[in-house]
1. Looking at the range 489-531 only, could you name the residues that are touching a strand residue (DSSP E or B) at 6+ places or on another chain (Cβ under 8 Å) and in a loop (DSSP other than H, G, I, E, B)?
2. Which of the residues belonging to the range 319-343 are in a helix (DSSP H, G or I), among the acidic types (Asp, Glu) and modelled with pLDDT under 90?
3. For residues in the range 457-488 being at pLDDT below 80 and outside any loop (DSSP other than H, G, I, E, B), which is least open to solvent (accessible area, probe 1.4 Å)?
4. Taking only the range 192-208 into account, find how many residues are open to solvent by 30 Å² or more (accessible area, probe 1.4 Å) and either touching a Phe, Trp or Tyr at 6+ places or on another chain (Cβ under 7 Å) or in contact (Cβ under 8 Å) with a residue 40 or more places away in the chain (or both).
5. Could you list, in sequence order, the residues of the range 372-421 that are modelled with pLDDT under 95, in a helix (DSSP H, G or I) and not charged (D, E, K, R)?
6. What's the number of the condition Leu441 fails, among (1) more than 30 Å from Ser553 (Cβ to Cβ); (2) over 33 Å from the mean Cα position of the chain (by Cα); (3) surrounded by fewer than 18 Cβ atoms within 10 Å (Cβ to Cβ)?
7. Within the range 581-614, how many residues are in a strand (DSSP E or B) and open to solvent by 20 Å² or more (accessible area, probe 1.4 Å)?
8. If Pro338 passes every condition in (1) farther than 27 Å from Phe311 by Cα; (2) buried (at least 19 other Cβ atoms within 10 Å of the Cβ); (3) of a type outside the set (Asp, Glu) but one, which one does it miss?
Amino acid sequence: MSLRRVAWVCLFLGSVSCAAKPAPAPLSVEPAATKPDAEAAPDLSPVAAPAELVGVGRVKRPREFVETLASWTGLPLALRTLLPSHLREAEALVDWNAPLEAAAVLDQSSTSKTAPPLFVVSVGLTGLDSARSFVESQGGHPTRVAPGVYRVEIQGADCAIAASLGPSPARLVCGDDWKDVEALLPYATRGLPNERLTERDLLLELRLRPVEKRYHDEIRSLRILSGLFLRQIGADDARLDRALSEIVYALADELMLVAGEAERLTLGATLDKQAQVLDIDYGLSLEGNASTIGQMLRETSKRAAPAPALFFRLPAEAHSGVYGVPGDKERLSKLVPPLAELVDAFFAHAKLGVKFRERVKSATLSLPELYGLSAYASGASPAKKDAPPAERFAAQVGWHVGAVEVRIDLMTKLFGELTLALNDKDLGKWLAEKHKLERDLFPRAKSAQARVPTFTAAGTAYTLELPPKLAQKLLDIEDVAGPASAQGKPKPIPLSLVLAPDGNTTWFAIAGSQKAAIEKLAQAHGEGAPTLATRPGLEALKAIPSVSGGFTSVQSLSHMLAEAWKKADVDLEEALNRVPQHGRTPILWWGILSEAGKSATLGGKLRIPAAAFADAGALIPQLKGR
């Protein structure tokens, strides 16, 4: 069902087809009757969930959910205000304190593997007779198809008004076609309303077992399909084809295992009006331990912990921050060599030089060694309103500073190899001749020793020099050309990474210039400047174990659209200064892996405070510009 129809149906809008076409023929042997004198009692015997049920959804208290979020954003929005004035009386017929629900099943009557599922949306009504009478008052023709069940058409959707179990005496059940409604009406009125799906205020759940069962043969044929795919892309190069086959077949095997283990995918939301937050959670559950992905999730879940002390040393003015525990190095180390072989075989087939290939392969093989406990924070130093494009580029890149528990020699080996590989003449020639890449899009890289205050040992600075034309394409910045050099060409736009050692930990910073990166790195590593430990709103990160986590903010999200604000002729910093919390309220998130017996869940949680909703509600209207 389309979103437009769902919205109208849920609001009980548009009433009926207003006699635009004849009433549909009843699908029951019972004669249609508008108001029977003595109608038989409706069937209200409970029914179980269909075996082919693939999706359910529920908003526990629609009015409270929508109007609470609306009040947090400061928008004058109520469900009743969405009704046209001539239909305001219909609002009393909808039980907005009863759950709004949805359900989907696989279409068993179709022989097509691509047939869409049957789908309905259901909303509680205050009464069966009052709803039927309202339809009639709007010129509609409710058709009885069974005792207590009436077929109507609402905004082009086929619907049924039916007696129901659960908190509402009746429900409006709608689908794109009467086939959908007919298949799911018993469950939507006599099964789903009484199911204790969740204590959340909102739940969307996709059940994957019926899908795997329906497409079992197709899933099991992935290896055959992989062989056909390999024939299509074969390079007639024994080494390259062998390396590619190894990875493609391994991926096919892993997909089959994951498909057999995938249990359900969920998205939930809970309003905590006392704490003034909306908690959103999501997860993919796996049942079994044969897949490599499942094994890696289980191994990594054992390292879950609250945010590390390293995270809280980062600058307090950050717009966002991230931390993470190391992954499963042992299994990752087994996965990388086939990838390195494929990359090397590809470049050998392309006839790139041995030195270039050795550098790329070395960098690829070093990746598992770079997994360590890490944390970093990001922010932005806004460019002036009339700043030249190059400064706007640097402002959009912002600054990023943090640390990872990996020795600096391992980091410099990786970036050293990548620097030399990027500057290799064979690569430039291949890109220009084989792929017709313009020469003025080629970036250059360089490295140099760097001294960072507060660090005893010297660090290393890497600078990527982007041609103005490339910078423009990457970040959608118009006319980023800087001042002309002595040769008359525009100067390249720099992007700098600075690494500095602190024992077995490597600190790093990224910014639009080497000077800016060093300054931010010295601030983060030194003492005296405010840190995230003093930032209000981050306390929960110290309490909830996770494999990753952090925060973002309205301020951070708005800076991602810096050029959109400029095109709308809006000064972003002025706009942020006009909102209640200036976009600074942390929006927390956690990456959560859990294990229980043979079950593992890959998921996460997002916590949005009411203050962040208020800032977004005050900021968005300003995007209209002047």
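The values are calculated or read from the model by the stated rules, or taken from the named source; none is laboratory data. From a predicted model like this one, the values you see are computed outputs, not experimental measurements. In this analysis, Cβ positions are derived from the backbone assuming ideal geometry, glycine residues included, and neighbour counts consider all displayed protein chains. Quick note on the areas: whole protein, heavy atoms, side chains included, nothing else; ligands and nucleic acids left out. Shrake-Rupley method; radii C 1.70, N 1.55, O 1.52, S 1.80 Å.
1. Lys491, Pro492, Gly512, Ser513, Ala529, Pro530
2. Correct list: Glu330 only.
3. Ala471
4. Just the residues of the range 192-208 that are open to solvent by 30 Å² or more (accessible area, probe 1.4 Å), to begin with: 194-197, 199-200, 202, 204, 206-208.
Restricting the remaining residues to those that are either touching a Phe, Trp or Tyr at 6+ places or on another chain (Cβ under 7 Å) or in contact (Cβ under 8 Å) with a residue 40 or more places away in the chain (or both) gives 194-195, 197, 199-200, 202, 204, 206-208.
The total comes to 10.
5. Pro389, Ala390, Phe393, Ala394, Ala395, Gln396, Val397 - these are the residues of the range 372-421 that are modelled with pLDDT under 95, in a helix (DSSP H, G or I) and not charged (D, E, K, R).
6. For Leu441, the failing item is (2).
7. Here is the first cut: in the range 581-614, the residues in a strand (DSSP E or B) are 587-596, 599-609.
Checking which are open to solvent by 20 Å² or more (accessible area, probe 1.4 Å) leaves us with 589, 592-596, 599, 601-602, 605-609.
Matching residues across the range 581-614 total 14.
8. Of the numbered conditions (1) farther than 27 Å from Phe311 by Cα; (2) buried (at least 19 other Cβ atoms within 10 Å of the Cβ); (3) of a type outside the set (Asp, Glu), the odd one out for Pro338 is (2).
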